Every structure is written in structure tokens, then in C-alpha cells.
Ligand SMILES: Nc1ncnc2c1ncn2[C@@H]1O[C@H](COP(=O)(O)OP(=O)(O)O)[C@@H](O)[C@H]1O
Ligand SMILES: [Mg+2]
């Protein structure tokens, strides 16, 4: 990345912090029980379900959002949600995530699940902790357009220079060990903040990690151009809000994608898990991501040669999933074995993470991502884990 691009990134970060400062002030003012305010008409009245699905805090951000005008639009991905790429008036690249909804004769949204995904994403992206974090993709605005028989919902996001982690790995297989380490720490920093805010991602995988130019202020006081990549989490359509240490009710993991799942995930059970297992689930999958970063672009994980049969694609994934369910942590042993060619300093770093994440028993995993970061920072192994919580059978 050129020095010029780096300066741009730094300037954008400073502008974001200034803007957030004024939003925080405006928000405090708005949330005070002062005289009744005049709300912008539209969003809630067009969309009664929004008030059901989104807290007032998020609604406030939506009301205040001024969507950018975007031109030169091209399609990145099509589906129930379409991802497009364009430029705003200042020429900045931007991602446009759009979902169309239709209404039934009673005026209710037909595609309830899609609407819920959209609302979970907006709720996370407008969360104050998330807005201030440098390892979660930035939301630039939202837009709500009436269609003939429905609504078009739009989220504008900052554009990731190198696409998702899977794409990045296929074009940058030769990145250095310190660059890989930084990507692992970036993901950990984003995830740790989410968990601190009581948010669980629920669908961590290489396609939901975006790679940008530039440093993350969270880790780099002294930035070196050599380390010029930064990872940020995206796609919060499968996320959950909850309190990590209460059993709570069961929740459904809508988007978890094998092999980026923990052993307790069972798709035959529609991916249902007690709320308290969401944090250990994310922690396990973080280990899977770190393993993938360590191995590079092998697809899906390039470990067929370690099994007795020749495995490809789905059969490799099934084999991995079965291996995870052995209580003797056979999966961890396999993952560690694949690191034998990694230089020693890197191997120790990865092994420490894998040992405190890829464990069959929840009690053997790090209790929090923060604990793990402490461990990576030279803290003692013995302090882990601090909670004893058995996986229920
Ligand atoms: N901000 C972004 N910058 C660049 N590419 C993005 C961005 N957001 C999404 N994408 C691309 O679109 C893909 C799908 O986006 P995502 O938010 O994960 O939606 P979905 O819910 O369809 O999985 C990502 O894997 C990535 O390749
Ligand atoms: Mg995704």
C-alpha cells in the first residue's frame, strides 16, 4: 500500500472518530426525556415490524442516517441479499447491501426471516461499541425505498480493498508470519469487543472477515507499511444478543457454516444451542479461523492427506466435523500436526490459540477471547480456563 493510501486511511479514521463524537452528543440529547421531538416521518410507519425488531437506539441512528449518493454500481454477489459496489460523491468505494421485501394483504412482511437477518445486521453495526471499533466493518448509512408491493432495504458499508479473507488468501498466499499474526489479532480484537457488548457473531468464517489496507489503531502504535493489512468482521445477519454466562433459552444459529462450527453444533437439531454456549461456540470457530490463516489458501482446509481415505470437498468437511466430536481432542491433535512446517515462533503462537479454542469440552476452551489475548501477550497458561461449564448432553 502506498504512503498516500495510508494517509487517506488515517484521515478517514480521524474523521470517523470526530463524527462519532458528535453522534454520541446528539444521541445523549435525543435520549433525554425532553420535549416531544419531531421524528422524520417514514421508516416506522411504513414498516411496523421495525419497531418490534429494533431497539429505540438503533431506530434513532436510522432516523439520522443520510444515505450517500452512489454511482458506477456493479454487482459483487447476488442472492436474497444483493451486494453491489459503487462510489460516493467524494469518489470513495462503497459496498451496497440490498434486500427486497414484499407485503401480504394484511401489510405484514412475507420474508420475515430475511427481515430479521437485516435487522440483526443493522442493530449490530449501529451498536456504539461496534461503531468505535476498528475491527468491525463501518456502516456508512441506511436507506429505505418503497417498491410497488414492498420495500427495498439498503445498507451502505465501507469498501474492503482486498475483499474477504478467502479471496485475500488466494491472491496473497505469501504474506509474512507477522502479517498473519496481525490478522489473527485483528479478528480477536473485533470478536472480543463484540463479546464484551454481549453480541455473538454466530457465523465466523473466512467469507465474513474482510481485509483492508492499513493499520488497526487497536494494535499498531507504530505502523509499518510491511504490516499493511487489517482484518474486520462483517455479516451480522446470524448474530445474537445475550448474556454469555446464563443458561437462558435455546437459540438458533441461522448461518453457521461447517467446517467453521464447534462440535456442539448439530444441523439435525436446526443448529439450536443454549444461549450460554454461543460465546464458547464463537471461541471455537475463532480457532478454526486462526488455523485457516496459518495454513493459507488451502481449500477447504487442505488436510485430506492426514486421513486414511482421499477426501475432497463435502466429504472432507464431514470427516472434520466427525473428528471434532471425539472427547479426546483428536481434532486439535490433527490441527496441531498440520502446523509442523510453520517456523517455530509462528507455530508456538498458533498452537497456544488452537489449544485454548479447538477443544471438545467447553470447560477446556479459553473462557473469553480477552483471556486468550492475555495468554498471547505472555500471560500464564495456568490461568485458563476460569469457568467450568460442561457441554450439556
Ligand atoms: N464492505 C465490503 N467490502 C468488500 N466486499 C464485501 C463487503 N461486504 C461484503 N463483501 C463481499 O460480499 C460477500 C457477502 O457479504 P456478507 O455481508 O457476508 O453477506 P451475506 O449475508 O450474503 O453472506 C462477502 O463475503 C464479501 O466477499
Ligand atoms: Mg456472509
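We did not get these values from a lab; they are worked out from the coordinates using the rules stated. Keep in mind that this is a model prediction, so the values were computed, not measured. Glycine also receives a Cβ, built like all others from the backbone with ideal geometry; neighbour counts cover every protein chain displayed.
Numbers for the structure displayed
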{"quantity": "Spin-label pair residue 178/residue 66, simplified geometry with 7 Å Cα→Cβ offset, distance in nm", "calculated": "4.2"}
{"quantity": "Ordering of 105-115, 90-100 by burial proxy (mean other Cβ atoms within 10 Å per residue, highest first)", "calculated": "90-100, 105-115"}
{"quantity": "Cβ-Cβ FRET estimate between residue 170 and residue 105, R0 fixed at 41 Å, reported to 0.05", "calculated": "0.30"}
{"quantity": "For peptides 68-80, 150-162, sequence by mean Cβ density within 10 Å, most packed first", "calculated": "150-162, 68-80"}
{"quantity": "Extension gain (nm, one decimal) between residue 340 and residue 270, 0.36 nm per residue minus Cα-Cα", "calculated": "21.6 nm"}
{"quantity": "Label point distance in nm, residue 152-residue 128, each placed 7 Å from Cα along Cα→Cβ", "calculated": "3.5"}
{"quantity": "Burial order of peptide ranges 253-265, 316-328, 182-194 (average beta-carbon count within 10 Å, highest first)", "calculated": "182-194, 253-265, 316-328"}
